[in-house]
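Colleague: Before I ask anything, let me first share the structure, which is written out below as C-alpha cells.
The values are calculated or read from the model by the stated rules, or taken from the named source; none is laboratory data. Note that the structure is predicted; figures quoted are calculated from it, not measured. SASA here: full protein model, heavy atoms, side chains in, ligands and nucleic acids out. Shrake-Rupley method; radii C 1.70, N 1.55, O 1.52, S 1.80 Å.
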Amino acid sequence: MVRKLLRFILKLVLWFFALSILSVIFFRFVPIPYTPLMFIRLYEQKKDGQSFTLKHDWVPIEQISPNLQKAVIVSEDGHFLSHNGFDFKAIEKAMKNNEKGKRIKGGSTISQQTAKNVFLWPGRSYIRKGFEAYFTVLIELLWSKERILEVYLNSIEMGNGVYGAEAAAQHWYKKSAAKLSVQEAAGLAVILPSPRRYNPVQSGPYVSRRKQTISKYIKGYGPLDLKKEKSKKK
C-alpha cells in the first residue's frame, strides 16, 4: 500500500514537472489568451452581481510604447535586465521594513509577477510562493527578457476588468499602447500596485506625485535595448 502511494506521488511529481516545462516552452512562442486572475475576477463580478467585464488585447512588444516598457521597469523592478529572476536586495529590504510594520511593496520582480500572473493564483501562502519561485526560474531559463516583459505587459491587471497594455491604453487614454506618452505611461505604471483603486487620469495627490517621479526616470533612462538582452541568453 505504501509503495503504491509512493509510486503514485512520484508519478504526480514527474507529470507536474513535465507539464510545467512544456507549458513554459509553449508560451514562449504563443500569446497567453487568459490568466487565472481573469477568471477569478469574473467570478468575483458575478458574485457581486456585476456585469462581466474583461478587456484584453494581446499585442507584440513592438506595438507597446518604449515609454511604458521603461515605466514598469523603473517603478516595479529597476534591476530587471540584470537579475536572474530574483532581486535579493529588494527582498531583504522588504522583509526588514515589514518587520518594522511599514507597509511597502514587496520585493517581487517583473519575472516573479509574470510567473504568478500566467501560471498561478493570487495569494501569500508559502506553497504559492514556492510555485512562484519554481516558475520564475523556468521562465528565466527558457524565455528572453524581452519575452518576459512582453508577457508581463500583456497580462498585468491595469483596471477593473482591464488587462494588458493595449486594453489599458484604449480604456484610459483612448489610444493604442504604441502611442502612449511619457506621462500616460507613468500613469499606468503608478496604478499597478492597486489597479482597481487608483485612476491614472483623474489622479489624486499621491498618484500625481508618483507620475511626476516616474516620468523623470523615464526621460533619464536612455535607450532600452531588449534585443541585446535577448541575444545574451541564447
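Colleague: Restricted to Cα positions, what overall size does segment 1-91 have along the principal axes? Three whole-Å values, descending.
Modeller: Principal-axis extents of the Cα atoms in segment 1-91, largest first: 59, 44, 29 Å.
Colleague: Also, I was wondering about something else. Tell me the angle of helix 110-119 to the major Cα principal axis of the chain, expressed in degrees between 0 and 90 and rounded to the nearest ten.
Modeller: That helix lies at roughly 60 degrees to the long axis.
Colleague: Using helices alone, I'd like the mean residue ellipticity at 222 nm for the chain: each DSSP H run of four-plus residues gives -39500 (n - 2.57), total over residue count, nearest 500.
Modeller: On the way: 11 runs with 139 residues, N = 234.
Estimated from H runs of four or more residues: -18500 deg cm²/dmol.
Colleague: Just the number, please: carbon plus sulfur as a percent of the accessible area of the chain, 1.4 Å probe, no ligands or DNA/RNA counted. Could you put the intermediate results ahead of the total?
Modeller: Working: 8160 of 13710 Å².
C and S atoms contribute 60 percent here.
Colleague: Using the heavy atoms of the protein chains and a 1.4 angstrom probe, tell me the accessible area per residue for the chain in square angstrom.
Modeller: Averaged over the residues of the chain, the accessible area is 59 Å².
Colleague: Anyone know which of 47, 55, 93 comes out most mobile in the 10 Å Cα GNM of the chain?
Modeller: Greatest mean-square fluctuation among the candidates belongs to 47.
Colleague: Now, a different point. Give the long-range amide H neighbours of residue 162: residues separated by 5 or more places, or on another chain, with amide H under 5 Å away, using H modelled in the peptide plane at 1.01 Å from N.
Modeller: Under 5 Å from the amide H of residue 162: 55.
Colleague: Relative to the first principal axis of the alpha-carbon coordinates of the chain, what is the inclination of helix 182-191, with its axis defined by its Cα atoms, in degrees from 0 to 90 and to the nearest 10?
Modeller: The angle comes out near 50 degrees.
Colleague: So for segment 115-228, if I pair up every lysine 8 or more residues apart or on another chain, how many of those pairs have alpha-carbons under 20 Å apart?
Modeller: Step by step, the pairs that qualify in segment 115-228 add up to 10.
Colleague: Please build a GNM for the chain, connecting alpha carbons under 10 Å apart, and tell me which residue among 210, 147, 197 fluctuates the most.
Modeller: Greatest mean-square fluctuation among the candidates belongs to 197.
Colleague: If you line up the long axis of helix 205-219 against the longest principal axis of the chain, both from Cα atoms, how many degrees apart are they, to the nearest 10?
Modeller: With both axes taken from Cα atoms, the answer is about 90 degrees.
Colleague: Okay, next question. Excluding same-chain residues fewer than 8 positions from residue 89, which aspartates and glutamates have a Cα within less than 17 Å of its Cα?
Modeller: Qualifying aspartates and glutamates at Cα under 17 Å: 76, 77, 99.
Colleague: Here is a further query. From zero up to wherever the largest Cα-Cα distance of segment 127-184 sits, split into 5 Å bins and tell me the percent of pairs in each.
Modeller: With a bin width of 5 Å, the distribution comes to 4, 17, 18, 20, 15, 12, 10, 3, 0.
Colleague: Here's something else I'd like to know. Taking the square root of 5 times each eigenvalue of the Cα gyration tensor, what semi-axes in Å does the equivalent ellipsoid of the chain have, largest first?
Modeller: Rounded to whole Å, the semi-axes are 30, 21, 20.
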